[in-house]
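*Asks:* Here it is, the structure in full.
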Amino acid sequence: MPRGVFITLEGLDGAGKTTQIKRLAAWLRRRGHEPVVLRQPGGTATGDRIREILLHSGSKGVAAMTEMALMFADRAQAIAEVIRPALEAGRIVVCDRFTDSTEAYQGGGRALGSQLVLELHRLVCDGLQPDLTLLLLPGFEASLARARRRNDRVEAETGSSEGRFEAEQDGFFRRVWEKYREIAARETERVVLIEGDLSIDEVHEQIAEAVAERLMLAGKTD
Ligand code: TMP
């Protein structure tokens, strides 16, 4: 059994995960921890190549099943190369997205259903579950507006081509959003739902509170 603590952040595109992960990592460092931070897809050399296929706006015609299989291929690599070894060494792992994203985006958004995703998770990831999942979920309209704004900004600033998901229709994001709510209602022990139109500081405070509680349970307080 892993001895570390596995924390994941989830939410729609533009929910502010990146900012919050930076704040959380700094908060953990101030308390004497050196967290291992990674994102999915990506986070390993192999995963970064898979990410390119998955998110590149030029990757047209990727079938939903292919997309899901690639997400799990990326995850299997991250678990083997980074997550398991870090947990076994007693580290705190902070991961930007994990299987909840696959359930929300491929299971919900692409309508493949939860059962298939959960079954694959069991087979490919050996059922590895986060100890704590922070789900950032402002109201649907606000989430959508943020995702669209982020896409425009990133494209204008960097000419980035990682826009394959952001280019999806509103109905897709509605299904993703609803699936996330379904996961939160089902996984009440693991998932902390942070909703409403909160400031960056307010979200950080809620995250810090939930993480502090979890670290205390794991006996990792300073
Ligand atoms: P990011 O910008 O947060 O790194 O997100 C990458 C995109 O990939 C985002 O639109 C969500 C999507 N995604 C899935 O569709 N399924 C998954 O399993 C993961 C991890 C991400």
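*Asks:* If you find the alpha carbon centre of segment 168-184 and of segment 1-61, how far apart are they in angstrom?
*Replies:* 20 Å
*Asks:* I want the local charge near Ile50. Using Cβ-Cβ distances under 11 Å, sum +1 for each Lys or Arg and -1 for each Asp or Glu among the other residues. Let's see the in-between values first.
*Replies:* Values: positive: Arg49, Arg51, Arg75; negative: Asp48, Glu52, Glu67, Asp74.
Surrounding charge for Ile50 is -1.
*Asks:* Quick check: net charge around Gln129, other residues with Cβ under 11 Å of its Cβ, Lys/Arg +1 and Asp/Glu -1? Could the numbers behind the result be given before it?
*Replies:* Details: positive: Arg122, Arg190; negative: Asp100, Asp126, Asp131, Glu187, Glu189.
Charge balance near Gln129 sits at -3.
*Asks:* With θ taken as phi - 60° and the coefficients 6.51, -1.76 and 1.60, list the Karplus ³J(HN,Hα) couplings across segment 185-191 in order, rounded to whole Hz; mark glycine and proline as x.
*Replies:* Values per residue, Gly and Pro as x: 6, 7, 9, 5, 6, 9, 9 Hz.
*Asks:* State the extension gain, in nm to one decimal, for the chain segment bounded by Arg148 and Ala218, taking 0.36 nm per residue of separation less the distance between their alpha-carbons. Mind dumping the intermediate values first?
*Replies:* Values: separation 70, 0.36 × 70 = 25.20 nm, distance 3.83 nm.
This chain segment gains 21.4 nm when fully extended.
*Asks:* Which value at 222 nm does the chain reach when only helices count, each DSSP H run of 4 or more adding -39,500 (n - 2.57), with the total divided by all residues and rounded to the nearest 500 deg cm²/dmol? Provide the component values of the computation, followed by the final result.
*Replies:* On the way: 9 runs with 114 residues, N = 222.
Value at 222 nm, helices only: -16000 deg cm²/dmol.
*Asks:* Between Ala185 and Arg30, what FRET efficiency comes out of the Förster formula 1/(1 + (r/R0)^6) with R0 = 35 Å and r the beta carbon distance, rounded to 0.05?
*Replies:* Working: r = 33 Å, r/R0 = 0.96.
For R0 = 35 Å, the calculated efficiency reads 0.55.
*Asks:* Please give the contour-minus-distance gain from Phe140 to Leu118: 0.36 nm per residue of separation, less the Cα-Cα distance, rounded to one decimal in nm. Intermediate values should be presented prior to the final figure.
*Replies:* On the way: separation 22, 0.36 × 22 = 7.92 nm, distance 2.45 nm.
Working it through step by step, the gained length comes to 5.5 nm.
*Asks:* On the protein heavy atoms, probe 1.4 angstrom, tell me the percent of accessible surface of segment 5-217 carried by carbon and sulfur.
*Replies:* Carbon-and-sulfur percentage of accessible area, whole number: 50.
*Asks:* At 1.4 Å probe size, with no ligands or nucleic acids counted, give the accessible surface of Arg149 in Å², nearest ten.
*Replies:* We get 150 Å² for Arg149.
*Asks:* Let me ask something additional. Ignoring everything but the protein chains, give the 1.4 Å probe accessible area of His33 in square angstrom, nearest 10.
*Replies:* Surface open to solvent at His33 totals about 40 Å².
*Asks:* Separate question: Choose one of Gln20, Ala86, Gly107: the residue whose Cα lies farthest towards the positive end of the charge dipole of the chain (beta-carbon charges +1 Lys, Arg; -1 Asp, Glu; about the Cα centre).
*Replies:* The listed residue farthest towards the positive side: Ala86.
*Asks:* Also, I was wondering about something else. Taking H placed 1.01 Å from N in the peptide plane, check which residues at least 5 places from Arg31 or on another chain put their amide H under 5 Å from its amide H.
*Replies:* none
*Asks:* About its Cα centre, what dipole magnitude does segment 5-217 give when the only charges are +1 on Lys and Arg Cβ and -1 on Asp and Glu Cβ, stated in debye to the nearest 20? Can you show the working numbers first?
*Replies:* Numbers: 29 positive and 34 negative charges, 65 e Å.
Charge dipole of segment 5-217: 320 debye, to the nearest 20.
*Asks:* In whole Hz, what ³J(HN,Hα) sequence does segment 48-58 give by Karplus (6.51, -1.76, 1.60; θ = phi - 60°), x for Gly and Pro?
*Replies:* 5, 6, 5, 4, 4, 5, 5, 9, 5, 5, x
*Asks:* Tell me the net charge near Arg164. Cut-off is 10 Å between Cβ atoms, Arg164 excluded, with +1 for each Lys or Arg and -1 for each Asp or Glu.
*Replies:* Neighbour charge sum, excluding Arg164 itself: -3.
*Asks:* I've got another one for you. From largest accessible area down, sort Lys179, Lys22; use a 1.4 Å probe on the protein chains.
*Replies:* Working: Lys179 30, Lys22 145 Å².
Largest to smallest exposure gives the sequence Lys22, Lys179.
*Asks:* Would you mind checking the tilt of helix 200-217 against the longest principal axis of the Cα atoms of the chain, expressed as 0 to 90 degrees and rounded to 10?
*Replies:* In the chain, helix 200-217 runs at an angle near 50 degrees to the longest axis.
*Asks:* Can you send over the solvent-accessible area of Asp126, 1.4 Å probe, protein chains only, in Å² to the nearest 10?
*Replies:* Surface open to solvent at Asp126 totals about 120 Å².
*Asks:* Right, another one. Over its Cα atoms, what ratio of radius of gyration to 2.2 N^0.38 Å does segment 5-217 give?
*Replies:* Values: Rg = 16.3 Å, N = 213, 2.2 N^0.38 = 16.9 Å.
Relative to the 2.2 N^0.38 Å estimate, segment 5-217 comes out at 0.97.
*Asks:* Okay, next question. Under a 1.4 Å probe, what is the accessible area of the chain per residue, stated in Å²?
*Replies:* Value for the chain: 48 Å² per residue.
The values are calculated or read from the model by the stated rules, or taken from the named source; none is laboratory data. As the structure is a prediction and not an experimental result, all values here were calculated from the model. In this analysis, Cβ positions are derived from the backbone assuming ideal geometry, glycine residues included, and neighbour counts consider all displayed protein chains. Ligands, DNA and RNA are stripped out before the accessible areas are found, and what is left, the full protein with its side chains, is counted by its heavy atoms. Shrake-Rupley method; radii C 1.70, N 1.55, O 1.52, S 1.80 Å.
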